[in-house]
Amino acid sequence: MTVPRIPLPENRKVRAGLAVLAGFILVALLGPYVVEHWLGLSPSDIHTADALQGPSASHPLGTTATGEDVLAQVVVGARVSLLVGLVAGTVTTVLSVLVGVSGGYLGGRTDSLLTAITNVSLVIPGMPLLIIIASYVQGRGGWLAVALIIGLTAWPWGARQKRAQTLSLRHRDFVTAAEMTGESRWGVITRELIPSLAPIISVSFLGAVVGSMFADAGLAFIGLGNINITSWGSMLYWAQNGSALSRGAWWWFVPPGACIALVGLAAGLVNFGMDEISNPRMRRPAKAARRLAAHAARGARPKVPTAGRPFRGAGRHPSVAPPRGATSHDEPAPANDTSTAHGA
């Protein structure tokens, strides 16, 4: 029985970004079990005797001001931070696709109404609105409430982008053919337009996930998120509250910040790679094309066939003549004139 191979994209940026994201997903899924049961570390156990210890064999990433293990907090917090990003990114992407694609395809009053709602939502500052709603909720509902708040306030920009792309696809031949075969409007949207916008939707989803993680970390850092749940944002809040920077405890705030930055870097690599795949102007030429360009830049002359080898272009077209010293298949080589040679 052969195991089917998963096709991987040829773009190196996409591969690197997906590898980093897959690594964080594995850490979020299996990391808490490994840390707590195999390594015997807990993210919430307080040991005042081990307060603010640097990285060591017993604590690979050091401890906090109350003796909590930083490695355990980073691993356990990865699950919460990724869950917030995935849920908020999903809500943002679904709303932006529904509003943008529906308005761009249906047109008329529906498009005018949805465009007006989108424009009004764009005028309202997103971060102040998010701060106001989060301060009113005050961490009630856990990470799910934070994810829903972020997702419900971050969809307008994506909806505007999807509407612009749908307007360019609305009068294409495949859409007209689907309409002429009796396809419903909802069928055209779900079966024709949304699959055609899949690259843009996937890239915007990754951007929404990373942006939601940044927003969650920002809310937790200023104390408006649920700081009682271990996440990368709550780690930064407690590190700032415990004056980790002034006390030189870099191991307390650098690991969660580096994890957030790595997730953003991975999403950026996937984004740039998808742009190169979907846009022919941004693609790197193949190795053969780059080799030919290098030869042309150095002024290398192409190889000229020798007298013993037939010229490939001779005999194929009357306008193509063999070079000097070369013989073709159609004209036999003249015999040597021995009499002239002896007379000379």
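Residue 171 accessible area, nearest 10 Å², 1.4 Å probe?
140 Å²
Considering Cα pairs under 8 angstrom that are at least six residues apart, work out the relative contact order of the range 22-110 and quote it in whole percent.
26 percent
Please give the contour-minus-distance gain from residue 98 to residue 137: 0.36 nm per residue of separation, less the Cα-Cα distance, rounded to one decimal in nm.
Full extension from residue 98 to residue 137 adds 11.3 nm.
Using a basic spin-label model with each label point 7 Å from the Cα along Cα→Cβ, how many nm lie between residue 49 and residue 112?
Between residue 49 and residue 112, the simple spin-label model gives 7.6 nm.
Tell me, what is the percent relative contact order of the range 219-273, built from C-alpha pairs under 8 Å that lie six or more residues apart?
25 percent
Provide 276, 179 ordered by accessible surface of protein heavy atoms (probe 1.4 Å), highest first.
179, 276
Which value, in Å² and to the nearest 10, is the accessible area of residue 33 when all protein chains are kept and the probe is 1.4 Å?
The accessible area comes out at roughly 130 Å².
Considering only protein heavy atoms and a probe of 1.4 Å, how much of the accessible area of the range 1-117 is carbon and sulfur, as a whole percent?
Roughly 67 percent of what the probe reaches on the range 1-117 is carbon or sulfur.
What figure, in Å² to the nearest 10, do you get for the accessible area of residue 176 with a 1.4 Å probe and non-protein molecules left out?
Approximately 60 Å² of residue 176 is accessible to the 1.4 Å probe.
Rank by packing, highest mean first: peptides 219-226, 197-204, with packing defined as the count of other Cβ atoms within 10 Å averaged across residues.
By packing density, highest mean first, the sequence is 219-226, 197-204.
So how far, in whole Å, is the C-alpha centre of the range 56-114 from the one of the range 215-266?
Here the two parts' Cα centres lie 15 Å apart.
Using DSSP to call loops (not H, G, I, E or B), can you name the trypsin sites (Lys or Arg not before Pro) in the range 116-189 whose Cβ has at most 10 other Cβ atoms within 10 angstrom?
140
The values are calculated or read from the model by the stated rules, or taken from the named source; none is laboratory data. Just so it is clear, the structure is predicted and the values come from calculations on it, not from any experiment. Here the Cβ is made from the backbone with ideal geometry for all residues, glycine too, and neighbour counts use every protein chain on show. Calculation scope for accessible area: heavy atoms of the full protein, side chains included, ligands and nucleic acids excluded. Shrake-Rupley method; radii C 1.70, N 1.55, O 1.52, S 1.80 Å.
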